[in-house]
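The next block holds one structure in the form of structure tokens; read it before the comments.
Nothing in this text is a laboratory measurement; each read-out follows from the coordinates by a stated rule. Remember, it's a predicted structure, so these values are computed and weren't measured experimentally. So basically every Cβ, Gly included, is an ideal-geometry build from the backbone, and we count neighbours across all protein chains shown.
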Amino acid sequence: MNRLTKRYNTIVVGVGGVGSATVYELAKRGKRVLGLERFDIPHDMGSSHGYTRIIRMPYYEHPSYVMLLKRSYELWRSIEQRAGEKLLHLTGSIDAGPADSWVFKGALQSALEYDLEHEVLTGRQINERFPGYKMPHETLGVFQPDGGFLVPERCIVSYVNAAIACGAEVHGRERVLDWEPLGSGVRVTTDRDVYEAESLVITAGAWNHSLLSILRGLLTPERQVLAWLQPTRPEYFAPTRFPVFNLLVDEGRYYGFPVFGVPGFKFGRYHHLEEAVDPETLDREPNLRDEQILREFAERYFPDGSGPTMSLKSCMFTNTPDGHFIIDKHPTYPQISFASPCSGHGFKFVSVLGEIMADLAERGETRHNIDLFKLERFTNTNGQHHPHLGDRGGHTAATTTAQPYASNTPHRLAAAAAPDAIRPFW
Ligand SMILES: Cc1cc2nc3c(=O)[nH]c(=O)nc-3n(C[C@H](O)[C@H](O)[C@H](O)COP(=O)(O)OP(=O)(O)OC[C@H]3O[C@@H](n4cnc5c(N)ncnc54)[C@H](O)[C@@H]3O)c2cc1C
């Protein structure tokens with residue numbers, strides 16, 4: 001341990017997606033900032049790896065994400081310019097399902113409410129225009145031209161490079177073990193050193209609840225598997241001819257991308273096999289069952305994209321009870337803020353979340369509307385926090401309240417049954 005404790009304006013725990021953007025945003029504002037990451041930068045142990053992440057505007061999960069997305073696009077373009085590297089690729093997006101499905105209807109509602117350029121296409125029209133697709137004819141989809149994908153590992157590297165250039169300190173392979181309030185500031189203990197700061201931002205992804213006991217019981221890390229299959233008609237799966245998709249079919253809800261980064265058509269199934277996991281012990285090696293489930297989908301809906309397997313990778317969602325993010329200040333220590341934006345759809349927001357988290361660290365408030373994401377929606381009517389929770393996290397790894405993510409779990413029902421609960425989008 002160093003004899004002189006190092007002091008910062010803000011310490012950011014976790015330099016993955018949101019943490020990297022937050023470190024950059026604070027450094028750009030002239031703050032003395034330290035970013036601490038337990039693994040490499042970037043790495044494939046958390047939620048932000050796998051070469052591509054979808055960005056799409058007509059947000060079927062809830063229309064109030066759309067304003068954040070507008071700012072996200074601006075900020076992605078800005079970091080792209082600074083990095084001198086293409087991070088956001090436009091392909092158009094398709095959100096499709098049966099005519100009465102929440103995916104199709106929600107996307108259409110968002111597109112209409114925010115006056116987004118879009119077209120409603122039948123399954124047949126989708127197949128004609130984008131020949132890699134073989135949609136059932138009864139499918140309806142919203143095609144939106146601003147959709148596309150981000151390159152997550154390069155986004156993180158770009159933010160960290162830019163942050164360091166602005167004076168930030170960033171340490172890889174340094175794990176935060178604990179934090180404690182220190183007057184109006186904080187003291188942070190890692191496996192290498194002790195630091196102090198005026199404010200602390202916790203963006204530890206699937207490990208957030210190991211550092212914040214107020215989140216225990218609310219976050220469920222879940223194993224996901226992605227497949228890349230070699231197309232037999234590669235020309236159909238080029239970024240110029242294949243929009244990213246979110247698709248609700250009999251087998252579940254799936255998402256997919258054109259060929260990029262790996263010589264394969266990439267796709268995955270939301271909530272894959274519904275396996276709640278502890279991130280410390282997660283089996284990261286995909287297996288034959290994972291592959292089979294995914295291959296069956298491709299053979300039915302994207303038959304020209306279902307050639308030999310090129311790659312399989314696992315990753316983690318961090319589910320909240322209603323599927324919406326949790327972004328807030330600590331109820332007892334306002335110098336501490338945190339973001340848990342996963343539930344499988346957070347990367348596209350990383351750029352704007354960097355701005356939001358920097359606002360919370362610097363001023364305790366943000367001009368962005370984050371009401372939908374407040375922790376208090378999960379607290380009881382007396383304003384008390386989740387009953388079994390203390391005020392802060394300890395250094396021991398979370399014992400996850402691992403529950404299978406089936407639709408009848410108490411976890412989901414509790415959120416849905418709360419009188420003024422925000423509508424879950426699962
Ligand atoms: C398979 C898959 C597909 C997805 N597809 C999409 C998509 O198409 N579009 C989309 O928008 N979103 C998508 N998502 C969701 C999106 O990727 C996540 O919401 C986002 O990456 C979460 O970012 P994060 O910063 O919260 O987590 P991470 O990027 O995982 O960052 C958390 C970081 O904290 C570090 N950390 C944890 N504990 C400590 C500690 N004690 N000390 C120091 N560091 C610590 C971790 O190592 C990690 O680097 C997908 C997710 C998965 C898993």
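Key figures for this structure:
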| item | result |
| --- | --- |
| Point-to-point label distance, ASN287-ARG300, nm (Cα→Cβ direction, 7 Å offset) | 2.3 nm |
| Percent of beta bridges antiparallel (DSSP, the chain, rounded to nearest 5) | 75 percent |
| Separation of alpha-carbon centers, segment 348-374 and segment 303-325, rounded to whole Å | 27 Å |
| Where GluC sites (Glu not before Pro) fall in DSSP loop in segment 299-381, at most 14 other Cβ within 10 Å | GLU365 |
| Whichever lysines have a C-alpha closer than 29 Å to that of LYS329, once near sequence neighbours (fewer than 8 apart) are set aside | LYS6, LYS28, LYS31, LYS70, LYS348, LYS374 |
| Peptides ranked, highest mean first, by Cβ atoms within 10 Å: ranges 335-345, 261-271 | 335-345, 261-271 |
| Farthest toward positive dipole pole in segment 130-191 [+1 Lys/Arg, -1 Asp/Glu at C-beta], among TRP179, PRO145, ALA165 | PRO145 |
| Kirkwood Rh and Cα Rg combined as Rg over Rh, evaluated for segment 280-348 | 1.17 |
| Linear extension gain, ALA99 paired with VAL66, 0.36 nm per residue minus alpha-carbon span | 9.7 nm |
| Estimated vicinal HN-Hα couplings, Hz - segment 53-66 in sequence order (Karplus 6.51, -1.76, 1.60; Gly, Pro = x) | 9, 6, 10, 8, 8, x, 7, 6, 5, 4, x, 6, 6, 5 |
| Between helix 350-363 and the chain: long-axis angle, C-alpha atoms, 0 to 90°, nearest 10 | 20 degrees |
| Under 14 Å, Cβ to Cβ, from ILE11 - net charge with Lys/Arg +1 and Asp/Glu -1 | -1 |
| The chain: translational diffusion in µm²/s, Stokes-Einstein, Kirkwood Rh over Cα pairs, 20 °C, 1.002 mPa s | 98 µm²/s |
| Inter-probe distance in nm under a simple model that places probes 7 Å from Cα toward Cβ, at THR189 and ALA165 | 3.8 nm |
| Difference of contour (0.36 nm per residue) and Cα-Cα distance, ASP44 to LEU4 | 11.0 nm |
| Interchain or long-range residues, amide H under 5 Å from ILE326's placed H | SER340, CYS342 |
| Footprinting exposure proxy for ILE327, ILE164 (fewest neighbouring C-beta atoms within 10 Å first) | ILE164, ILE327 |
| Peptides ranked, highest mean first, by Cβ atoms within 10 Å: ranges 72-83, 5-16 | 5-16, 72-83 |
| HN-Hα J in Hz across segment 202-218 - Karplus 6.51, -1.76, 1.60, θ = phi - 60°, x for Gly and Pro | 10, 10, 9, x, 5, 9, 3, 6, 7, 9, 9, 5, 5, 9, 5, x, 9 |
| Helix axis angle, 152-165 relative to the chain longest principal axis, alpha carbon, degrees | 30 degrees |
| Distant-in-sequence amide H partners of ALA204 (H built 1.01 Å from N, under 5 Å) | ALA339 |
